[in-house]
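What follows is a short report on a single structure.
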Amino acid sequence: GNFIFCTPGAEIARLERQITDAVGAEAIVRSRQELAVIVANNPYLGQQGANLFLAREPIDKTRSVFRDAFGPEGVPPVLSGDTVYFVWPTRFSGRKSVINFERELGVLGTMRTSRVIVRVLEMMNS
């Protein structure tokens, strides 16, 4: 699910720990400013099947794995910091199953449609 809340000046890592402890599931928190950048940088915004994988941590340490291991069929995923932009479905060449970004990149994350992220940002701005 998605939570929207206001906590000016709060430390994101602390918020993630508190939410994770309270709800019993891993939380990934993004500020309004971070979501605005994510939406602005989305090369697939408005396309059918546009999605995001939001990682818990920057994916820089696995950037070479991402570049070398992904031979996706169709529209290639785009990596930017801790966000992967992709068009569903994204598959390795010759495989039927879709790419599991958490497993392949070795980082905890969550997937959302681009449309949901835009809507969440609109609600945060209202």
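For S80, the conditions (1) at pLDDT below 90; (2) closer than 19 Å to M124 by Cα; (3) among the small types (G, A, S) all hold with the exception of (2).
One residue alone among V118, V75, V39 is of a type outside the set (S, T, N, Q) and at pLDDT below 85, and that residue is V75.
Residue pairs whose Cβ atoms lie under 9 Å apart, sitting 6 or more positions apart in sequence or on different chains, and linking a residue in the range 33-46 that is in contact (Cβ under 8 Å) with a residue 40 or more places away in the chain to a partner that is open to solvent by 40 Å² or more (accessible area, probe 1.4 Å) and assigned to a loop (DSSP other than H, G, I, E, B), are V39/L45; Y44/V75.
Scanning the range 104-126 for residues that are part of a strand (DSSP E or B) and open to solvent by 50 Å² or more (accessible area, probe 1.4 Å) returns M111, R112, T113. If the condition is being open to solvent by 80 Å² or more (accessible area, probe 1.4 Å), assigned to a loop (DSSP other than H, G, I, E, B) and of a type in the set (G, A, S), then the range 1-45 contributes G1, G9.
The values are calculated or read from the model by the stated rules, or taken from the named source; none is laboratory data. Note that the structure is predicted; figures quoted are calculated from it, not measured. Every residue, glycine among them, receives a Cβ derived from its backbone with ideal geometry; neighbour counts consider all protein chains shown. To get the accessible areas, we keep the full protein, side chains included, count just its heavy atoms, and leave off ligands, DNA and RNA. Shrake-Rupley method; radii C 1.70, N 1.55, O 1.52, S 1.80 Å.
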